[in-house]
1. If you check 217, 247, which single one turns out to be out of contact with any His (no Cβ under 9 Å at 6 or more places or on another chain) and of a type in the set (Ser, Thr, Tyr)?
2. Determine, yes or no, whether residue 172 is modelled with pLDDT of 90 or more, away from the ligand (no atom under 16 Å from the Cβ) and assigned to a helix (DSSP H, G or I).
3. Quick one: count up the residues across the range 144-164 that are part of a loop (DSSP other than H, G, I, E, B) and hydrophobic (A, V, I, L, M, F, W, C).
4. Among what's in the range 55-69 and is buried (at least 18 other Cβ atoms within 10 Å of the Cβ) and out of contact with any Asp or Glu (no Cβ under 9 Å at 6 or more places or on another chain), pick the residue that is farthest from residue 18 (Cα to Cα).
5. Can you name the condition, by its number, that residue 273 falls short on among (1) near the ligand (Cβ under 10 Å from one of its atoms); (2) of a type in the set (Phe, Trp, Tyr); (3) surrounded by fewer than 16 Cβ atoms within 10 Å (Cβ to Cβ)?
6. Return the pair list, or none, for Cβ contacts closer than 9 Å from residues in the range 163-183 that are farther than 17 Å from residue 221 by Cα to residues that are polar (S, T, N, Q) and surrounded by 16 or more Cβ atoms within 10 Å (Cβ to Cβ), at least 6 apart or on different chains.
7. List, please: which pairs have Cβ atoms under 6 Å, are six or more places apart or on different chains, and start with a residue in the range 16-27 that is within 12 Å of residue 56 (Cβ to Cβ) and end with one that is surrounded by 15 or more Cβ atoms within 10 Å (Cβ to Cβ) and of a type in the set (Val, Ile, Thr)?
8. Among the listed residues 150, 178, identify the single one that is buried (at least 16 other Cβ atoms within 10 Å of the Cβ), modelled with pLDDT under 95 and aromatic (Phe, Trp, Tyr).
Amino acid sequence: MATQTRPAWAPEHVPDKLLWDHSLTEYNSELDDPFMAASRLLDGPPIFFARDTAQGRPAWVLARHALISEAFIDWERFSSEGGMAVMLMQMLGVDWTFNPVNIDPPKHTAYRKLLLPHFTPKAVGHMEQGVRETCDELIAPFAEKGGCDFVKDFAVPFPSVIFLRLMGMPQDMMQQFFTWEQNLLRGKNIEEMVVAGREILEYLKLHLEKQKKKPATPLMEAIMSARIDGKPLNDGEILGMFYTFYTGGLDTVYGTLGWSMRYIATHPEFQQWLRDNPDKLNKAVDELLRMFSVVMTQRRVSEDMTFHGVQMKQDDLVFLPIFVAGRDPEAYPDPHVADPDRKQTMLAFATGPHLCLGLHLARREIRIALESFLARFDNIHIPDDVQYQFHAGPTLNVDSLPLAWTKKD
Ligand code: HEM
């Protein structure tokens, strides 16, 4: 009788029936729309073990809204410390971690408390004027041209400029930051990623030294003057925060904007509904965030346990693809349709202790961007002869989205 050999990537404690011999990135790239491609996982087992979740890592995947929410809330068993973050720290050659995103409570609570006042709806309200100005400045060069590449000309630079403002960095660093970010997240090889990651770090270190002398913004002031247990933050704690703002607030916003605009440009009735119901734009933004939840994050199992009948071991890695949760019909009936009247809350910003700190800022950026395009241009569409491009990975992003429109009088 032939004996079947187990693949080398399959740990002993994972039963054969839960092994999934695929790359998640490749699987999500199989269709023209990665959200539709990923949503096929909802027809399979709710928990499975994939050969390659990201960067060749075998790991568990939770493929239901309810399970992903539960893992976000249950931080004691699903820890944010360790896991993929360790790989990034090794890559950067540092002994600190991403702060507060890769730190568990109760330590996490103190860091979050000091940052929170700068990300409340009120604080973000004070940024509104600057966000609008940035939006206008970016639209001006192509406003008369009847079209643009929405991603390259707008969605990418927009959150970068806002990040630079938040940090008090010079605006002319935008192109450099974007190049670093592209190389860090999608470098041709690991060497290119490491180089970009370290160059960003060097720049953040320079910025930190300047902030020690004279903080450039209220957020910088708060971080520099903070005391936790009576002690100021050390360089690693602060650089961990800077790095988190950098990686947390750029790809995510531009990804959501790209997918949302693609939906708007290919659904003329929804587009007109948005123009006719400006008072409902906030709800519509949340619905677009639900449909186009771009993030997949991960956790480390902190103790041997049985989770919904599945045996997991301490230090197993667990991936939480929020883009699958957003399309789960158990949570959202008719999940592939934008329905701004939906009552259910969305999970794009996670839930539990690490609920996205930048959520009010992100929502506002997206609302202002969509509002500006809808108010200026009619009949926004993708020209027939062009192709949009995207890539799948830990975030789902549009790389190129050519648009055309009729300018309003
Ligand atoms: C549409 C845009 C955005 C999406 C979808 C998003 C999504 C998320 C998600 C899913 C998490 C939880 C990660 C985890 O627990 O593993 C998170 C955390 C975080 N995000 Fe965002 N984010 C967005 C924009 C922003 C912006 C603009 C900022 C501002 C700089 C930001 C700052 C943060 C921070 C600091 C955390 C860590 C919070 C904590 O650990 O307590 N995000 N975000």
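The values are calculated or read from the model by the stated rules, or taken from the named source; none is laboratory data. Owing to the predicted nature of the structure, the values given are computational and were not obtained by experimental measurement. Note that each Cβ is placed from the backbone with ideal geometry, even for glycine, and that neighbours are counted across all protein chains shown.
1. Details: 217 fails: out of contact with any His (no Cβ under 9 Å at 6 or more places or on another chain).
From the options 217, 247, the qualifying one is 247.
2. no
3. Initial filter on the range 144-164 (part of a loop (DSSP other than H, G, I, E, B)): 144-146, 156.
Narrowing further to those that are hydrophobic (A, V, I, L, M, F, W, C): 156.
Final tally of qualifying residues: 1.
4. So in the range 55-69, the residues buried (at least 18 other Cβ atoms within 10 Å of the Cβ) come out as 58-65, 67-69.
Of the ones still in play, those that are also out of contact with any Asp or Glu (no Cβ under 9 Å at 6 or more places or on another chain) are 61, 67, 69.
Working: 61: 10, 67: 16, 69: 21 Å.
Taking the candidates together, the pick is 69.
5. Among (1) near the ligand (Cβ under 10 Å from one of its atoms); (2) of a type in the set (Phe, Trp, Tyr); (3) surrounded by fewer than 16 Cβ atoms within 10 Å (Cβ to Cβ), residue 273 violates only (1).
6. Close Cβ pairs satisfying both conditions: 173/160; 174/160; 175/160; 177/160; 178/160; 181/160; 181/247.
7. 24/53
8. On the way: 150 fails: modelled with pLDDT under 95.
Only one candidate qualifies: 178.
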